[in-house]
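The values are calculated or read from the model by the stated rules, or taken from the named source; none is laboratory data. Predicted model only: the values in this text are computed from it and were never measured. With ideal geometry, Cβ positions are generated from the backbone for all residues, glycine too; neighbour counts draw on all protein chains shown. Calculation scope for accessible area: heavy atoms of the full protein, side chains included, ligands and nucleic acids excluded. Shrake-Rupley method; radii C 1.70, N 1.55, O 1.52, S 1.80 Å.
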Amino acid sequence: MSLRMMGGAAALAGMLIAGVPAAQAQQKTPVLRFGHMNSPTHIVNLGGQRLKAAMEKASGGSVQIDLFPSAQLGENSAVLEQLTLGSNIITQVGPGTIAQYVPNYAVMVHPFLFKSWDEVKKVAGSDLVKGWEKDLAKHNIKPLCFFNFGTRDLYTRSKAVKTPANSAGLKMRVQPVAIYTELVKSMGGQPTPMPWPEVYSALSQGVIDAAEAPPNAIVDQKHFEAAKFYMKTNHILDASIVVMSLRAFNALNAEQKKTLESEAGAACDWMTEELNKVYDSAVTELEKRGMTIVSDVDRAAFEKSAGSIQKAFPDWSPNLVADIRKQLGR
């Protein structure tokens with residue numbers, strides 16, 4: 001017997017003598033890393049704190065969640081890739097990013113498709129969307145819950161935009177995913193893919209002319225210091241998904257799995273409630289910070305321009321947008 005084997009046997013024997021079962025002695029407390037790109041004070045991180053506390057309490061400390069805000073683990077796509085490769089990660093990610101693995105998910109942030117969060121929630125909980133989870137599983141992705149990240153609007157450094165014609169030629173930051181690229185194209189702008197943490201400096205230096213995001217995210221990142229016009233386009237009700245490594249989920253016992261799904265759902269509901277509350281107050285804050293708020297936007301013109309977006313996604317299931325509209329009674 002090698003020295004290593006002898007040492008291991010002695011340690012195990014010591015544990016048995018002390019009354020600790022061998023199986024228990026070999027178990028480690030699962031540690032899940034919740035990484036995202038928002039600041040420590042953002043509602044997503046506060047929701048993560050709630051999930052951490054609730055999960056650790058409900059599991060008696062048998063499952064631990066550590067938080068990594070401010071892109072400490074990387075930007076969204078990179079964190080999701082780490083997750084697919086097996087890292088014990090939980091993250092918040094948009095459907096457009098998930099669509100790198102299962103294309104249909106991008107439709108959940110199709111511009112102007114949903115009129116209210118209740119409509120998003122209805123489709124998210126439908127058999128249609130639930131049916132996509134088996135395809136996510138092939139990539140080691142386990143969805144836990146949807147929540148409302150906010151209503152996305154357009155904002156610019158120095159120009160009011162009321163129609164697609166006004167936005168023609170503007171260099172607009174987009175998330176580095178296809179659905180947002182097609183959104184900007186439909187607006188007549190020039191899509192400029194860029195990670196979220198780089199947007200502040202890009203606006204400040206004039207690398208981009210515009211961007212789009214929920215108002216609370218603009219407050220959170222202080223983009224009002226570089227952008228002076230805020231348009232209430234309301235072009236996307238921004239569904240977001242909390243996902244985790246399927247391998248890490250399957251490593252939990254049945255009770256831990258049930259608890260994690262329940263507590264994640266509660267955290268998502270809380271984040272939705274909080275983010276629903278802050279739209280008007282965040283817009284007011286942007287105005288206080290010097291931004292001009294443009295409310296008389298021709299949303300019908302923008303919606304009409306967005307009508308051809310689905311043609312850019314041949315990998316979507318046939319008639320996907322029409323099927324969703326049918327579900328919504330349109």
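Summary table
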read-out	value
For region 142-188, the fraction of alpha-carbon pairs in successive 10 Å shells from zero, as %	21, 46, 23, 9, 1
Gain on full stretching of the segment that runs from residue 115 to residue 301 - 0.36 nm per residue minus C-alpha separation	65.4 nm
Vicinal HN-Hα couplings computed from phi for region 202-207 (Karplus, 6.51 cos²θ - 1.76 cosθ + 1.60; Hz; Gly/Pro x)	5, 5, 4, 8, x, 5
3J(HN,Hα) from dihedral phi, region 131-140, Karplus parametrisation 6.51/-1.76/1.60, rounded to Hz, x for glycine, proline	x, 6, 5, 5, 6, 4, 4, 5, 10, 6
Square roots of 5 times each gyration tensor eigenvalue, C-alpha, the chain, largest first, Å	42, 22, 18
Karplus 3J(HN,Hα) series, Hz, for region 208-221 with 6.51 cos²θ - 1.76 cosθ + 1.60 (x for Gly, Pro)	10, 9, 7, 8, 9, 5, x, x, 5, 5, 5, 4, 4, 9
Residue pairs, from the table 171/222; 232/304; 52/257; 142/257, whose Cα atoms sit over 18 Å apart	171/222
Solvent-accessible area per residue, Å², over the chain with all protein chains present [probe radius 1.4 Å]	45 Å²
Amide H contacts under 5 Å for residue 71, placed H, 5+ residues apart	36, 37, 38
Theoretical gain in end-to-end length, residue 251 to residue 64 [0.36 nm per residue, Cα-Cα removed]	66.0 nm
Amide H within-cut-off set for residue 151, under 5 Å, with H built and near neighbours excluded	238
Label-point separation in nm, residue 308 to residue 31, each point 7 Å along Cα→Cβ	5.3 nm
The chain: DSSP helices with Cα axial extent of at least 20 Å and average Kyte-Doolittle hydropathy no lower than -0.5	3-17, 43-58
Amide H partners (placed H, <5 Å) of residue 145, local residues excluded	242
